[in-house]
Amino acid sequence: MPIKNFEVGKPPTSADINRYFQQRAHVIKAADESIASTTTLQNDDHLFLSVAANTTYWVEAMLRYDGVTTGDLKIGWVVPAGATLEWTSNALIDGATGTADDLWRRRRTAAQDEICGAVGVGTDLLAMPEGLLRVGATAGTLRLRWAQGTSSATATRVLVRSLLMISRMVP
């Protein structure tokens, strides 16, 4: 059933409100997480959500991160078997030299990662990945994976208060 458009002067029913909130889920990162000296993607400790079979979701994340300019941040996703994800990172390009630089907006799939630029330890940046997740017959977990774009002994960090949100799309 589609989400009801709420109108002034027509209060929503409890069923309308329940349906609205049942179609959204989010998780907020509870602590900083660091990775050093590896470009191998690993599961984020906090940014993952369960998804239902045969459902389509709009995926949005806000990733707070920092890292040495040569390390950058590589991000990717794990999706349930048979699911597809089309996404973009909305983040600084790798090789960025400052906080105002070009952004990646290219189409990626669940099988592809993206390297987001970092411009120095202590310079808090945002990547705003978003995309469309289509889950097939197998329910499971949508999970952010990340690493360094280039191996560096100086850690890349995804910071506390980063978040992942999904909204169920109803035909």
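The values are calculated or read from the model by the stated rules, or taken from the named source; none is laboratory data. Keep in mind the model is a prediction, meaning the values are calculated, not measured. Here the Cβ positions follow ideal geometry from the backbone for every residue, glycine too, while neighbour counts run over all protein chains shown.
Quick rundown of the values:
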quantity: Hey, residue 61 touching a residue at least 24 places away in the same chain (Cβ under 8 Å) and in a strand (DSSP E or B) or not; calculated: yes
quantity: Those residues of region 98-119 which are at pLDDT 90 or above, in a loop (DSSP other than H, G, I, E, B) and closer than 18 Å to residue 150 by Cα, in sequence order; calculated: 112, 113, 117, 118, 119
quantity: One residue from 52, 81 being more than 17 Å from residue 115 (Cα to Cα), touching a Lys or Arg at 6+ places or on another chain (Cβ under 9 Å) and small (Gly, Ala, Ser); calculated: 52
quantity: Options 122, 95; residue that is surrounded by fewer than 17 Cβ atoms within 10 Å (Cβ to Cβ) and assigned to a loop (DSSP other than H, G, I, E, B); calculated: 95
quantity: Residues of region 108-154 that turn out to be in contact with a Pro (Cβ under 9 Å, 6 or more places away or on another chain), polar (S, T, N, Q) and more than 16 Å from residue 58 (Cα to Cα), as a count; calculated: 1
quantity: Residues satisfying the stated conditions in region 69-92, i.e. touching a Ser or Thr at 6+ places or on another chain (Cβ under 6 Å), hydrophobic (A, V, I, L, M, F, W, C) and surrounded by fewer than 20 Cβ atoms within 10 Å (Cβ to Cβ); calculated: 81
quantity: Cβ pairs under 9 Å, 6+ apart, first in region 148-171 and under 12 Å from residue 38 (Cβ atoms), second surrounded by 17 or more Cβ atoms within 10 Å (Cβ to Cβ) and basic (Lys, Arg); calculated: 148/74; 149/74; 150/74; 156/74
